[in-house]
Amino acid sequence: MKIVFSETAKIELDDACNFYEVEMPGLGIKFKEEARKAAGRISEFPIAWSIERGEIRKCLLHIFPYKILYSIENDHVFIIAVAHQHRRPTYWQDR
C-alpha cells in the first residue's frame, strides 16, 4: 500500500534526523533508515500494529525511542506523526 507522509510528519522526521546527526555523525542516517524500514513494514502489513487511539495505529521503531502514527485510508497509509515515545506523548492528537 502506498505511504503518504503529512507535512508535519516530514518535518518531525527531518528534525529527529538532524538531532541525531548532531549528537553523533552517522546516527541521523541510521535513524532515517530505521524509519524507512518501519514505513516499508507498515506499507506491506498495515493492520499488523496496535491501535493507539481511535483508528490511529502505531509502529514502534526498533532501535530509537520513536513511533510512527498512521491511519489506513482507502488507497494509502497516511503517516500522521513521527513521535518520540516519551516526550509529550499525546501532542499529535489534534491532527
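Quick notes on this one:
- Dipole moment magnitude, nearest 20 debye, the stretch 2-94 about Cα centre, only Lys, Arg, Asp, Glu C-beta charged: 260 debye
- Once exposed loop GluC sites (Glu not before Pro) are cut out (DSSP; at most 16 other Cβ, 10 Å), longest piece of the chain: 1-54
- The chain, relative contact order [Cα under 8 Å, separation at least 6], %: 30 percent
- For the chain, with +1 on Lys and Arg beta carbons and -1 on Asp and Glu, the positive-most of PHE5, PHE19, SER71 along the dipole: SER71
- Only helices enter the 222 nm calculation for the chain: every DSSP H run of n ≥ 4 contributes -39,500 (n - 2.57), and dividing by all residues gives -12500 deg cm²/dmol, rounded to 500.
- In degrees, nearest ten, helix 27-44 long axis to first principal axis of the chain (Cα): 10 degrees
- Considering only the Cα atoms of the chain, their convex hull presents on average a projected area of 5.7 nm².
- Nearest-ten-degree value, helix 7-23 long axis tilted from longest Cα axis of the chain: 30 degrees
- For the chain, share of DSSP beta bridges that run antiparallel, in % to the nearest 5: 75 percent
Bear in mind these aren't lab numbers, they're just calculated from the coordinates by the rules spelled out. These figures come from a predicted structure and were not determined experimentally. We place every Cβ from the backbone using ideal geometry, glycine too, and count neighbours over all the protein chains shown.
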